[in-house]
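The values are calculated or read from the model by the stated rules, or taken from the named source; none is laboratory data. Just so it is clear, the model here is predicted, and its values are computed rather than measured. No Cβ is skipped: glycine too gets one built from the backbone with ideal geometry, and neighbour counts run over all protein chains shown. Surface accessibility is based on the protein's heavy atoms, side chains included, excluding ligands, DNA and RNA. Shrake-Rupley method; radii C 1.70, N 1.55, O 1.52, S 1.80 Å.
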Amino acid sequence: MSNYKWHFAKTGGGGEEGFEDAGMTHFISQPHHYIARETIQNALDAKDESKKGEPVVVEFKKFKVPTEKAIPDLDEYKKILNENIESNQTNPKTKQFFSNALKKINNKDINILSISDSSTVGIKDINKDIGRWHGLIKMKGKGAQEQRNIGGTYGIGKSAPFVCSDFRTILYNTKNSQGESAFIWKAMFTTHGTPKKRGDGFYCDITEDRNGEIYSNGIINKKIRPSFIERDHNGADLYILGFKKPDDKQPWNVILQRVILNNYFVSLYDNELRVIIKDEIEDRSYEINSSNVIDLMKQDYDIHGRISNYPFLDAYTNEKPIEKKIEGLGQCKFFVQLNKNYTKRVAYMRMPKMLVFDQSNPHLSTGYSGLFICESKIGNKLLSRCEGPTHSEWKSGYHNDPAKAHSALLRISKFINESLRKMRVDTYSTETILGGLNQFSYIDESEDLGDKGSSDQQSNNGEDSFELENIMMNMNDLKYIQPKPSRKRIRKRKVKAEDGFDAGDEEGAGSGGRSDDSNGGGDQPGTTGFGDLEGRKDGDWKMKKLPKSQYNYKCFQEAGSDEYKLVISTKNEKTCQISFFANGVDVEKNEEIIIERAIEDDTGEELKIYNNLINEVKTTPNPKVIKITTKEKRKFGVELELYA
């Protein structure tokens, strides 16, 4: 016998739930953004593979219905809201939410946003303890990895729609490929009532087994199904009851359209996704698909610029990709489109073809846009486990094997950076940092991808926007003024080399003084070394200061950074020491720059620093990039000297 009612299980002395649900807090900042991202991802993940060549169709529809038709047993529902008000007397914010919900539930009609998909398998395994139904309806947080598909279905993202509900109540409905149909209401409230009841509850079919175990099952009786549900084919429906208006002045459909275009442009272009947007209240209806995605995004880009991800779609559609089979990830592609107006950013995707994040990579002097996609199942499985709750970054710390994940993400960075480096010859420009060198910067390949932030986490006046571009400021080094030589007493000693200062290759070797002779070595004696070694003695090898004609360099700061980037090359292969100083306020004195850390860009190797010299730097005619951290976080007019 069926027993349909609202059911909130008793706490039985166990844990209690407050208003700030861990799952929902991830989506509070941009709730309408995330309902589009999360629900479409779940639909693509449920694609019916028997329908080859057919796109997944997702429809967003806003409409209005009488309150009593949307929420069953309305009197009992109001009683539960009142219990939540009483249980939160000491929490003004929570009390206000439930008081507002009670007022709105007394209105004649409520707004609903439905999200329905087609060409999918629906929600399988209804009323079972494992599978998609359990993961969506019952599971708190992220399901077990073995229950998740490559798209990361029904993790914490399933909480996003509740943030857009004035009642924190959702109605689910499905017809699946297993021949099953069911529907169920779910509410996410707080612990309430006497005796205390759990915050999460359902309007469902309650059953009890012989051991006294209670089950809140989906309802299969179509006779009591709401009349606004119209499903006669496989798929899933999600109804957000009491759909909230966006906090900003943007209409809901405009926000969702931009989110869909900016995140699913590849799926749309490849005809793997169609999206229909309807507003029955405003009598508005239109579609986003493969035939209009380019025009819509181009139009948005022409009007809003950086808010639109059109440059990434341009890269995907207009250039043959660079392909590589990456260890641990399988086949990957990198698409690049050169355009002087593009902002040197790379977007990252995997198999659901949803944008995960994008970030700056100014390895080319010219403007460009890039798009990386991992297409293999093994690679997608690894990358999905590197994603956080909002699917907007790849971090090794999310993976159950961080070392393995970090190595894989490092290989992606190296693949992209190497691909861009190979293009430098084709994009050679006279706008160089110094003669013969293209403008350098880099992504630190030792970091996880996405560590510097994703565009999805930024906002711009309420629009679905992207982080402000890091503007490269033109840096003009201060004119170098050679200091006047000080009088020095010449130390009389025998040396086999008449010029230069001594510094060895071993750890602990000493360093020498600076010279005013531009053609020779230093004429000041070396200082005592570190550890067991001291400055080199007579008969040992000497290091000479290189004439400036033998090397080129540029040392600058990127906007917003305290670190310096040194780009340096020598006419021949050298193993050098590098000494830094700056023009001081007193034109007759140079200012010392204290070096704390130096890291090679290509290898990530940290270079040795002794006596404020960077040691054992291997230079060639090919430019080398070194990232330098100084003790004082300010701008210097940097000068340097090389010894080899």
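Å³ per residue of the Cα convex hull, for segment 33-87?
Considering the Cα atoms of segment 33-87, their hull volume per residue is 170 Å³.
Amide H to amide H under 5 Å from residue 127: which residues, 5+ apart in sequence or cross-chain, H placed 1.01 Å off N in plane?
218
For segment 164-278, what number of Lys pairs, 8 or more residues apart or on separate chains, have alpha-carbon atoms under 20 Å from each other?
11
Can you report the principal axis dimensions of segment 1-59 using only the alpha carbons, biggest first, rounded to whole angstrom?
Computed over segment 1-59, the largest-to-smallest principal extents equal 53, 43, 18 Å.
In terms of modelled amide H atoms, which long-range or inter-chain residues lie less than 5 Å from the amide H of residue 544?
Amide H neighbours of residue 544: 644.
Taking every alpha carbon pair in segment 216-326, what does the distance histogram look like in 5 angstrom bins from 0, in percent?
2, 8, 15, 17, 16, 13, 11, 8, 5, 4, 1, 0
Between the DSSP loop rule and a limit of at most 10 other Cβ atoms within 10 Å, which trypsin sites (Lys or Arg not before Pro) in segment 15-106 are left?
Of the trypsin sites (Lys or Arg not before Pro), the ones in loops of segment 15-106 whose Cβ has at most 10 other Cβ atoms within 10 Å are 52.
Kindly state, as a whole number, the per residue volume in cubic angstrom of the convex hull around the alpha carbon atoms of segment 328-410.
Once divided by residue count, the hull of segment 328-410 is 92 Å³.
Want the number for residue 28 to residue 635: 0.36 nm per residue separation, take away the alpha-carbon distance, what's left?
Extra length available between residue 28 and residue 635 comes to 214.6 nm.
List nothing, just return the count: lysine pairs in segment 82-132, 8 or more apart or interchain, with Cα separation under 27 Å.
6
So for segment 563-644, Kirkwood radius off the Cα pairs, Stokes-Einstein at 10 °C and 1.306 mPa s: how many µm² s⁻¹?
Answer from the Stokes-Einstein relation: 120 µm²/s.
Could you please put 406, 33 in sequence from largest to smallest accessible area, using a 1.4 Å probe?
Ranked list, largest accessible area first: 406, 33.
Give the lysines whose C-alpha is closer than 26 Å to that of residue 340, dropping any in the same chain fewer than 8 places away, or say none.
Within the straight-line cut-off, residue 340 pairs with 298, 320, 414, 422, 452, 554, 565, 624.
Hey, what do the phi angles of segment 355-372 turn into as Karplus ³J(HN,Hα) couplings, whole Hz, using 6.51/-1.76/1.60 and θ = phi - 60°, x for Gly and Pro?
Using θ = phi - 60°, the values come out as 4, 8, 6, 9, 8, 6, 8, x, 6, 10, 6, 8, x, 6, 10, x, 9, 9 Hz.
Which cross-chain or sequence-distant (5 or more) residues have an amide H under 5 Å from the amide H of residue 193, H modelled 1.01 Å from N in plane?
It is 87, by chain and number.
Given the alpha-carbon gyration tensor of segment 1-146, what are the semi-axes of its equivalent ellipsoid in whole angstrom, ordered largest first, with each equal to the square root of 5 times an eigenvalue?
31, 20, 18
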